[in-house]
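Beneath this line is the structure, given in structure tokens, with notes to follow.
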Amino acid sequence: MKEREEAICEAAARMFIRYGVKRTGMNDIAREARIARQTLYNLFPNKETVLSATIRLVLDRELRQAESELASCSDLRDQLGIVFDHLARRPYAMLHSTPNAADIVEGVSEESRKVIGEWRDNFRSVVERLLAPVNSNLILSGITPHQLADAVVNFASLSKYEARDHAHLDELLLSLTKMAVRCAT
């Protein structure tokens with residue numbers, strides 16, 4: 001994504017969070033980005049395209065940051081903590097920061113939900129890679145790295161919607177960490 005498109009997506013994110021996707025128009029995004037409306041339409045043909053690009057920008061940053069933090073970590077428990085920070089805790093905090101943030105975290109169109117699904121798949125690959133060193137232990141537990149990664153990512157993703165509060169989210173993720181580490185040892 002080019003610098004100008006990123007700036008537009010950042011402006012769109014501010015508007016979507018402040019007013020929600022449904023109440024934010026292309027004029028609002030153009031004004032917030034300090035560009036002409038036609039410039040916005042030249043780059044993004046409609047609001048759904050802006051939303052998908054905004055979601056992709058936010059989620060790609062989370063994934064890159066997680067990858068960066070994982071590079072200096074070798075303990076599976078700590079690695080899962082990093083993954084959960086970016087996959088569940090930060091999105092949970094965003095979801096609860098304003099009622100309108102849910103549009104960005106959950107997506108409101110088929111295209112934005114597709115972007116979120118791709119992001120989850122990328123995190124699944126990250127977790128599967130983290131589990132690769134303990135492949136033989138997992139096989140003895142009757143599960144493959146792919147199966148455990150799939151379960152971990154799906155559970156962590158859903159936990160941000162099911163948790164009653166931050167403490168409950170931490171409790172859910174701690175239980176998930178213990179189960180995953182138990183399977184791996």
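Values in this text are rule-based calculations from the coordinates and carry no lab data. Note that the structure is a prediction, hence the values are computed from the model and not measured. Neighbour counts run over all protein chains shown; Cβ positions are idealised from the backbone, glycine included.
Scattering from the C-alpha atoms of region 3-184 alone, worked out with Debye: what is log10 I(q)/I(0) at q = 0.08, 0.10, 0.17 1/Å?
-0.29, -0.44, -1.02
Say each of A93 and A71 gets a label point 7 Å from the Cα, pointing the same way as Cα to Cβ; how far apart are those two points in nm?
With each label point 7 Å from Cα toward Cβ, the separation is 2.2 nm.
What spacing in nm lies between the two simple spin-label points modelled at H146 and S125, each 7 Å away from Cα in the Cβ direction?
Rounded to a tenth, the inter-label distance reads 1.4 nm.
In whole percent, what relative contact order does the chain give with Cα contacts below 8 Å and a gap of six or more residues?
23 percent
Using a Förster distance of 35 angstrom, determine the FRET efficiency expected from the C-beta separation of N135 and R14, and round it to 0.05. Intermediate results must be reported in sequence, preceding the final value.
Working: r = 44 Å, r/R0 = 1.25.
It comes out at approximately 0.20.
Name the residues of region 1-27 whose amide N is less than 12 Å from a point 7 angstrom out from the Cα of R61 along the C-beta direction?
Backbone N within reach: 6-14.
Considering only A167, A53, A132, give the residue with the highest GNM mean-square fluctuation for the chain, with springs between Cα atoms whenever their separation is below 10 Å.
Taking springs between Cα atoms under 10 Å, the residue moving most is A167.
Taking N as the number of residues in region 99-168, what is its Cα Rg relative to 2.2 N^0.38 Å?
So the Cα radius of gyration is 1.34 times the expected 2.2 N^0.38 Å.
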